[in-house]
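A short worksheet on the structure shown next.
The values are calculated or read from the model by the stated rules, or taken from the named source; none is laboratory data. This is a predicted model, so every value here is computed, not measured. Here the Cβ positions follow ideal geometry from the backbone for every residue, glycine too, while neighbour counts run over all protein chains shown. For accessibility, only protein heavy atoms count, side chains too; no ligands or nucleic acids. Shrake-Rupley method; radii C 1.70, N 1.55, O 1.52, S 1.80 Å.
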Amino acid sequence: MASVTEEPVITEAEASSLPIHVETISETVEQAWGMKLSTSTRKDIDGRTGELIGHLNLLVGQCLGEDESQDTLRLLRMVERHVAASNRPTSRTPAHDAYAYMRDSAIFASTLLSVCQKASGAEEA
């Protein structure tokens, strides 16, 4: 079984040059929030988590330098710790812990997307 620790990680430089697709990120977050532990397979949880981690890496790269407030820098540090490979679920992680990690990833993605949009002057989705 594949785990989310095997997802490729993009560098901050690569992330900062990619466009943010607000609708795609928002849709992934909504899909994650709509998943239920009792009806989701581990493969589904890991897949959605991988998508969210990709979005988080992109958002961190985009938000760096956009907003230097203490709250934003604290959020960025929290997200970086969250997506670190050593903190991600593995194939040995119980399903409920992987599900909780996915939900936390969705919360971080939604929050960071909002911060990035405000910093760039865009309206929230």
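Tally the residues that are in contact with an Asp or Glu (Cβ under 9 Å, 6 or more places away or on another chain), in contact (Cβ under 8 Å) with a residue 24 or more places away in the chain and not in a loop (DSSP other than H, G, I, E, B), restricting the search to segment 59-75.
Count: 3.
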Query raised in the report: When you look at residue 82, is it open to solvent by 50 Å² or more (accessible area, probe 1.4 Å), farther than 20 Å from residue 22 by Cβ and part of a helix (DSSP H, G or I), yes or no?
Result: no
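Output yes when any residue across segment 67-76 is out of contact with any strand residue (DSSP E or B) (no Cβ under 6 Å at 6 or more places or on another chain), of a type in the set (Gly, Ala, Ser), at pLDDT below 95 and within 14 Å of residue 20 (Cβ to Cβ), and no when none is.
For segment 67-76, residues out of contact with any strand residue (DSSP E or B) (no Cβ under 6 Å at 6 or more places or on another chain), of a type in the set (Gly, Ala, Ser), at pLDDT below 95 and within 14 Å of residue 20 (Cβ to Cβ): absent.
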Requested in this report: Could you check residue 57 against (1) at pLDDT 95 or above; (2) surrounded by 11 or more Cβ atoms within 10 Å (Cβ to Cβ) and say which number it fails?
Outcome: (1)
Query raised in the report: Is there a residue being within 14 Å of residue 112 (Cα to Cα) and modelled with pLDDT of 95 or more anywhere in segment 32-53?
Result: yes
Query - Subset tally (residues that are surrounded by fewer than 14 Cβ atoms within 10 Å (Cβ to Cβ) and of a type in the set (S, T, N, Q)) for segment 67-79 - result: 2
Report summary line: Over segment 85-107, the set of residues open to solvent by 20 Å² or more (accessible area, probe 1.4 Å), part of a helix (DSSP H, G or I) and either out of contact with any helix residue (DSSP H, G or I) (no Cβ under 9 Å at 6 or more places or on another chain) or of a type in the set (Gly, Ala, Ser) (or both) is 85, 86, 95, 96, 97, 100
